[in-house]
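Take a look at the structure below.
The values are calculated or read from the model by the stated rules, or taken from the named source; none is laboratory data. What you see is a predicted model, and the numbers here were worked out from it, not measured in a lab. So basically every Cβ, Gly included, is an ideal-geometry build from the backbone, and we count neighbours across all protein chains shown.
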Amino acid sequence: MTDKLKLSIVGCGDIAGSMAWVSRLVRQVELDACVDINRDRAQRFAQRHNIPQVCTDYGELLESSAIDAVYLAVPHNLHYEMILAAIEAGKHVLVEKPITRTLEEGKRLVALQADVKIGVNYQYRYDNACYALARAVQAGHLGKIHAARINIPWHRTSSYFEGAAWHRTISQAGGGTLITQGSHFLDIVLWALGEHPVSAMGYAKTPVFEVEVDTLTHGIVETEGGTLVSITSSMVAAKEQAVTIDVYGEAGTALYRSSDFFPRVRFVGARVRKQRAPERGVHALQRSLAGFAHWVLDDKPYLTPADETIPVLAAVDAIYRSARSGQRELIALSRL
């Protein structure tokens, strides 16, 4: 393999556009092709981002020896089959979260991946403030963690569902605000704790929009160490506000606040030297892509390999099950 990762983008929508822009800042990555079932859209995308090859057939792309990896920015229900096809073709994968729409599919892919590297783009692990929070918890600076609270008061308009109709249905998306937005920050807390979830309770509602998926969800997750993690994820705030994560330990508290430019974390009651996320870059997405490239090229550890994202998928699954059953739901998750 060369000193550059030859990457193909699959799915030429808005999310893929963001990745294509930041790829210009990652010298280890070379975009060689883009794929979309809509050829006109793929051609416009290729022209905008100076990508040499356009394709409408994913299977044909995987047959090419000129690419090392694929970046999947497609509806959630397509993740499983596309990742499986990449594994069979020996191509590495960076996929937008979640790895798959269902927990069982996710676990199956982890078991099947063999020598293929599968990364899931939970890019907030590469956010400096989130990284500092996680490393402080992992180092024991806050003592035993008793509880954490996550609040995501985001705002979406009808254009969110009109622009990508697959967001509307459970069969295609697997869920709404919890799996799409909330899972980012639930992942940060579970990663910081280093503990698997063991049970959950949840409530999922769909105010404002006439869609199948949840637009307002509240859940409580208990981890194997006894920590209670509460999360409220919303698309229906009147005005979008900062995401907050509060982590309460015996020796101190961590308070995270998001921002469009400089997310921040501060520590109360504990002296913590903040660590910066690995990889160079001004944005977490840029650092996540650089991390994936170094993982494939140099075997340098990536912060979000597929197996490490199964716990958050299990927690999301249990919250949704509880919302349907009205009962506390157990999570049976062995160490992978």
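Give the residue that is farthest from Ile170 (Cα to Cα), with candidates limited to residues of segment 38-82 that are small (Gly, Ala, Ser) and in contact with an Asp or Glu (Cβ under 9 Å, 6 or more places away or on another chain). The residue in question is Ala66.
Answer with yes or no whether Asn151 is buried (at least 16 other Cβ atoms within 10 Å of the Cβ), of a type outside the set (Lys, Arg) and part of a strand (DSSP E or B). Outline the logic, then answer.
Values: buried (at least 16 other Cβ atoms within 10 Å of the Cβ): yes; of a type outside the set (Lys, Arg): yes; part of a strand (DSSP E or B): yes.
Considered against the rule, which asks whether it is buried (at least 16 other Cβ atoms within 10 Å of the Cβ), of a type outside the set (Lys, Arg) and part of a strand (DSSP E or B), Asn151 comes out as yes.
Once segment 1-50 is narrowed to residues that are farther than 20 Å from His76 by Cβ and hydroxyl-bearing (Ser, Thr, Tyr), the residue that is surrounded by the most Cβ atoms within 10 Å (Cβ to Cβ) is Ser23. Of all the listed residues (Val74, Val70), the sole one being among the hydrophobic types (A, V, I, L, M, F, W, C) and in contact with a Gly (Cβ under 6 Å, 6 or more places away or on another chain) is Val74.
Residues in segment 207-231 that are within 22 Å of His76 (Cβ to Cβ) and either in contact (Cβ under 8 Å) with a residue 60 or more places away in the chain or among the aliphatic types (A, V, I, L, M) (or both): Val208, Val211, Val213, Asp214, Leu216, Thr217, Gly219, Val221, Ile231. Filtered by the rule that a residue be in contact with a Pro (Cβ under 8 Å, 6 or more places away or on another chain) and closer than 30 Å to Thr206 by Cα, segment 278-311 gives Thr309, Pro311.
Picking from Leu25, Leu61, which residue would you name as being assigned to a helix (DSSP H, G or I) and not acidic (Asp, Glu)? Walk me through how you get there before you give the answer.
Values: Leu25 fails: assigned to a helix (DSSP H, G or I).
Among Leu25, Leu61, only Leu61 is assigned to a helix (DSSP H, G or I) and not acidic (Asp, Glu).
Return yes when Asp246 is touching a strand residue (DSSP E or B) at 6+ places or on another chain (Cβ under 8 Å) and either β-branched (Val, Ile, Thr) or within 30 Å of Gln172 (Cβ to Cβ) (or both) and no when it is not. Here the answer is no, as Asp246 does not meet what is asked.
Does Tyr80 meet the test of being closer than 22 Å to Lys97 by Cα, of a type in the set (Phe, Trp, Tyr) and not in a helix (DSSP H, G or I)? Taking the combined requirement at face value, the residue does not satisfy it. Pairs are defined by a Cβ separation below 8 Å, a sequence spacing of at least 6 or placement on different chains, a first member in segment 154-168 that is outside the structural domain of His79 (by TED's automatic domain parsing), and a second member that is β-branched (Val, Ile, Thr) and part of a loop (DSSP other than H, G, I, E, B); the pairs so defined are Trp154/Val243; Arg156/Thr215; Phe161/Val211; His167/Val211; His167/Val213; Arg168/Val211; Arg168/Val213. Checking the stated criteria, Ala254 turns out to be farther than 22 Å from Met19 by Cα and assigned to a strand (DSSP E or B). Using the structure shown, decide if Arg287 is in a loop (DSSP other than H, G, I, E, B) and either under 17 Å from Ala134 (Cβ atoms) or out of contact with any helix residue (DSSP H, G or I) (no Cβ under 8 Å at 6 or more places or on another chain) (or both). Here the answer is no, as Arg287 does not meet what is asked. Only one entry of Val137, Val189, Val229, Val211 meets the criterion of being β-branched (Val, Ile, Thr) and assigned to a loop (DSSP other than H, G, I, E, B), and that entry is Val211. Among the residues making up segment 311-330, those that are over 18 Å from the mean Cα position of the chain (by Cα) and either assigned to a helix (DSSP H, G or I) or not basic (Lys, Arg) (or both) are Arg321, Ser322, Ala323, Arg324, Ser325, Gly326, Gln327, Glu329, Leu330. Considering (1) under 13 Å from the mean Cα position of the chain (by Cα); (2) in a loop (DSSP other than H, G, I, E, B), the lone condition that Ala277 does not fulfil carries the number (1). Scoring Tyr248 on the criteria (1) of a type outside the set (A, V, I, L, M, F, W, C); (2) at pLDDT below 95; (3) in a strand (DSSP E or B) leaves a single failure, condition (2). Quick one: which of Ala69, Ala136, Ala89, Ala33 is among the hydrophobic types (A, V, I, L, M, F, W, C) and closer than 30 Å to Glu224 by Cβ? Only one candidate passes the filter, namely Ala136. Here Thr180 meets the list (1) without any contact (Cβ under 8 Å) to a residue 40 or more places away in the chain; (2) within 17 Å of the chain's Cα centre (by Cα); (3) more than 21 Å from Ile310 (Cα to Cα) almost entirely, failing just condition (3). Contact map, segment 284-303: first residue outside the structural domain of Ser23 (by TED's automatic domain parsing), second residue of a type in the set (Lys, Arg) and in a loop (DSSP other than H, G, I, E, B), Cβ cut-off under 7 Å, separation 6 or more or different chains; pairs are Ala290/Arg280; His294/Lys300; Trp295/Lys117; Val296/Lys117.
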